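Step one of this worksheet: look at the structure below.
The values are calculated or read from the model by the stated rules, or taken from the named source; none is laboratory data. Remember, it's a predicted structure, so these values are computed and weren't measured experimentally. Please note: Cβ atoms are built from the backbone with ideal geometry, for glycine as well, and neighbour counts cover all protein chains shown. Side chains included, ligands, DNA and RNA excluded: accessible areas come from the protein's heavy atoms. Shrake-Rupley method; radii C 1.70, N 1.55, O 1.52, S 1.80 Å.
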Amino acid sequence: MNEALLRSLTPSVLGILVRRGADFAAAEDAVQDALVEAVRVWPADPPRDPKGWLVTVAWRKFLDQTRADASRRRREDLVDEEPAPGAAPASDDTLQLYFLCAHPSLTPSSAVALTLRAVGGLTTRQIAQAYLVPEATMAQRISRAKRTVSGVRFDRPGDVATVLRVLYLVFNEGYSGDVDLAAEAIRLTRQLAAAIDHPEVAGLLALMLLHHARRAARTAPDGSLVPLAEQDRGRWDTGAIAEGVGILQAALARDRLGEFQAQAAIAALHADAPTAEETDWVQIVEWYDELARLTDNPVVRLNRAVAVGEADGPRAGLAALAGLYDSLPRHTALAAYLHERDGDLATAARLYAEAAHKGTRPRRTRPPDPPGRPAQRPPESL
């Protein structure tokens, strides 16, 4: 059974049903029923036109559901709209589904779950495993999300920035369960990049590829996280790095800089350095200046202080850190590291103890790369 083919066809089939007037929740249920039927039938009798087969079966499943509770007049209208036998339309509604699943009325977690279900073609069980929640909990979350967007039509342009945020959340969600959500996010972002010509979509894809290229080196044999500066760079995926850099360069050439392109440029400079000592921190500071201008995010400014400390010395890093709230994550650890590098060991020791006291429980998801150990490395510049 070609599971990848089924998953790739799911959003297009769902989009066709919704365009024909089916309620989103009912259409999604009908498509899932059609997929179950495909798993049962196709191994022995594969169709010539898999997409057309799924559209026909899903529409009939939808009609069967509708006949149970709809009025006679509505049932007759839907029967009249049943598509004639033959190849399915070539139009791809994947992009509209992205926008629908990233609807502003949904919470981020619901938008991610609905995207994985409707666009990614994952089962509720797979999504629940990835989130480390019971399947019943995830089923309720997805059901509420489908009800929320059930009346939304595909007649207005969507917000690309919101879609990219959802995909970024998918990428950072973790690696639990039998579905690698980071790889799934890359697959979905590739799909989006093929459907829409937008430099920030390319920037996000490049960022994902550059971070994912370092994945094999992020953990030690005992499962502990390895800081970026201490990773075995020979284990980095050079093919993914080259692809990410190529995509980024093409996006930057369009001179429409955005947040994800700037983040990808920073990741590319880390990936390009043969050793940690050869990292081009001066350029990284310049890219953080651009990123801060685009986002005005205090976490970005904290990471910029890391880069300044590496490029211009610990006192310059402390000066960059001075204007930021000490409640920011890793603020105290960074201050301790910079004081240690500056030779103020008493202050560094006090701040290291304070940072350890503030420390929270480990996250259930893995960050792009872990911070360095306080006595040896600064928090990584992401």
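For this structure, a couple of remarks:
- Residue match in the range 213-220 (condition: part of a helix (DSSP H, G or I), surrounded by 14 or more Cβ atoms within 10 Å (Cβ to Cβ) and at pLDDT 95 or above): no
- When we screen 315, 350, 304 for residues that are within 29 Å of residue 251 (Cβ to Cβ) and basic (Lys, Arg), the only hit is 304.
- Counted as qualifying within the range 231-328 are the helices (runs of 4 or more DSSP H) with 2 or more residues that are of a type in the set (A, V, I, L, M, F, W, C), open to solvent by 20 Å² or more (accessible area, probe 1.4 Å) and in contact with an Asp or Glu (Cβ under 7 Å, 6 or more places away or on another chain), namely 281-295.
- Positions within the range 1-60 being farther than 18 Å from residue 96 by Cα, among the small types (Gly, Ala, Ser) and either in a helix (DSSP H, G or I) or in contact with a Cys (Cβ under 6 Å, 6 or more places away or on another chain) (or both), in sequence order: 4, 30, 34, 38, 52, 58
- Among (1) over 16 Å from the mean Cα position of the chain (by Cα); (2) open to solvent by less than 10 Å² (accessible area, probe 1.4 Å) - the single one residue 141 does not satisfy: (2)
- If you go through the range 329-348 and keep only what is over 26 Å from the mean Cα position of the chain (by Cα) and open to solvent by 60 Å² or more (accessible area, probe 1.4 Å), you end up with 341, 345, 346.
- Every condition in (1) touching an Asp or Glu at 6+ places or on another chain (Cβ under 8 Å); (2) touching a residue at least 40 places away in the same chain (Cβ under 8 Å) holds for residue 333 except the one numbered (1).
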